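Read-outs: derived from the displayed coordinates by stated rules, not from any lab. Values in this document were obtained by computation on a predicted structure and should not be read as measured data. Here the Cβ positions follow ideal geometry from the backbone for every residue, glycine too, while neighbour counts run over all protein chains shown.
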Amino acid sequence: MKVLPKSPIQPAQKERYVNKERSIGKIISWFYDDDTKLFALKRSDGVQYLKPRIKYFNTLPRCEMNGLATKPLINRSKCGLADVIANLIKREGGSGKYERLKPHKGKRVKIVDQKTKNVTWKYKFKPVRAVQKIPLKKIPQDFLGNMKWWYVDVNTGEARIDDKDNKVIVSFYDAMNLINFSKKDQRTLRKNEIMFTDEWREQGL
C-alpha cells in the first residue's frame, strides 16, 4: 500500500482564524475507512484524517464538532468502534453539553485593519491533530473497461464511477487515490470528463 509523504490538505493543518459564523475548510461529510483504519473528514478544501481516538477529535473546534453531530457518519464497513465515536459526537454535540468530549474552544482575538482601522473579532484555533502520513486505499487495476461515466456525488463529495448498467464500480473521497489507479485506467478517466455541479467545481477539477 502506497503512503503519501504528508497529508494533501494544508489549510486545516495550520493555525487558523475563523469567523464565528463560518469555518475555513468546511466539513462536507465524514467517513470511517476500514482500509486505512482512519476517519476521513471531507472538507471543501481537501481531506483530513483522524485516528479513531477521542483525543484527536477533541482538537477540532467546537463549531466543527457541533457540525459533525448533524452529519451521519458514512461507515460502510459497519465498524463498531467508529459507530461508538459517531454516536458520542451526535449525542453530546447535538445537545451542546460536552462531558466526555472536550472540543477546542479557540481564542477570541481582535483584528484591526491597518488602513481603515476597522475592528473585527475572529477565533484563533490551533492545528487539528490529523494524521500526516496517509495510506492510500487499495484500488483494483485495469478495471474500467465497462465504465460509463464518473461524477461527484452532491451529498458526500465522493467521486463515483459507474459501469454501463449504472452500478457503482468504485467510489473515493480523496482525489489523491487516483495515484493508485493503473496507467490504463488513468487514461480511461482522462478520456471521460468528470461530471459535477457548480458547487463542486473545484473538487471536480
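If you average over every viewing direction, what projected area does the convex hull of the Cα atoms of the stretch 11-125 give, in nm²?
In nm², the orientation-averaged hull projection of the stretch 11-125 is 7.7.
Report the FRET efficiency, 1/(1 + (r/R0)^6), for Arg53 and Ala175, where r is their Cβ-Cβ distance and R0 is 30 Å, rounded to 0.05.
E between Arg53 and Ala175, to the nearest 0.05, is 0.70.
Tell me, what is the Rg over Rh of the stretch 64-146, with Rh the Kirkwood radius over Cα pairs?
Ratio value, two decimals: 1.17.
Amide H neighbours of Val47 under 5 Å, at least 5 residues apart or on other chains, H built in the peptide plane: list them.
For Val47, whose amide H was placed from the backbone, the distant partners under 5 Å are Ile9.
At 0.36 nm per residue, minus the direct Cα-Cα distance, what do Gln141 and Val119 gain on full extension? Give it in nm, one decimal, please.
Between Gln141 and Val119, full extension yields 2.4 nm more.
For Thr156, list long-range residues whose amide hydrogen, built 1.01 Å from N in the peptide plane, is under 5 Å from its own amide hydrogen.
The answer is none.
What percentages, rounded to whole numbers, describe P(r) for the stretch 147-200 computed over all alpha carbon pairs with 5 Å bin width beginning at zero?
Pairs per bin, as whole percents: 4, 19, 30, 30, 14, 3.
In the stretch 147-200, if the dipole is taken from +1 on Lys/Arg beta carbons and -1 on Asp/Glu beta carbons about the Cα centre, which of Leu189, Val170, Gly157 is farthest to the positive end?
The residue sitting farthest along the positive end of the dipole is Leu189.
How large is ³J(HN,Hα), in whole Hz, for each residue of the stretch 86-102 in order, when computed from phi with the Karplus curve 6.51 cos²θ - 1.76 cosθ + 1.60 and θ = phi - 60°, using x for Gly and Pro?
5, 5, 5, 5, 5, 6, 7, x, x, 8, x, 9, 8, 10, 6, 8, 9
DSSP loop (so not H, G, I, E, B), at most 13 other Cβ within 10 Å: list which trypsin sites (Lys or Arg not before Pro) in the stretch 66-169 pass both filters.
Arg76, Lys78, Lys97, Arg100, Lys105, Lys115, Lys117, Lys133, Lys138, Lys164, Lys167
Give me, ordered by chain and number, the residues 5 or more places off Leu38 or on other chains with an amide H under 5 Å from its own placed amide H.
Counting only residues 5 or more places away or on other chains, the set is Asp33.
Applying the Karplus parametrisation 6.51 cos²θ - 1.76 cosθ + 1.60 with θ = phi - 60° to the phi angles of the stretch 74-84, what ³J(HN,Hα) value in whole Hz is obtained for each residue in order, glycine and proline being reported as x?
8, 10, 5, 8, 6, 5, x, 5, 4, 5, 4
Take each of the peptides 58-68, 39-49, average the number of other beta-carbon atoms within 10 Å over its residues, and list them starting from the highest. Write down the numbers at each step before the final one.
Working: 58-68: 19.9, 39-49: 21.5.
My ranking of the peptides, most packed first, is 39-49, 58-68.
Please give, to one decimal in nm, the separation of the simple spin-label points placed at Arg190 and Asp165, each 7 Å out from Cα toward the Cβ.
According to this spin-label approximation, the distance is 3.1 nm.
Which whole-Hz ³J(HN,Hα) couplings does the stretch 30-38 yield from phi under the Karplus relation 6.51 cos²θ - 1.76 cosθ + 1.60, θ = phi - 60°, glycine and proline marked x?
Result, rounded to whole Hz: 9, 10, 10, 9, 6, 5, 9, 6, 9.
Determine the sum of side-chain charges near Arg129: Lys and Arg each +1, Asp and Glu each -1, restricted to other residues whose C-beta is under 11 angstrom from that of Arg129.
Result for the local shell: +4.
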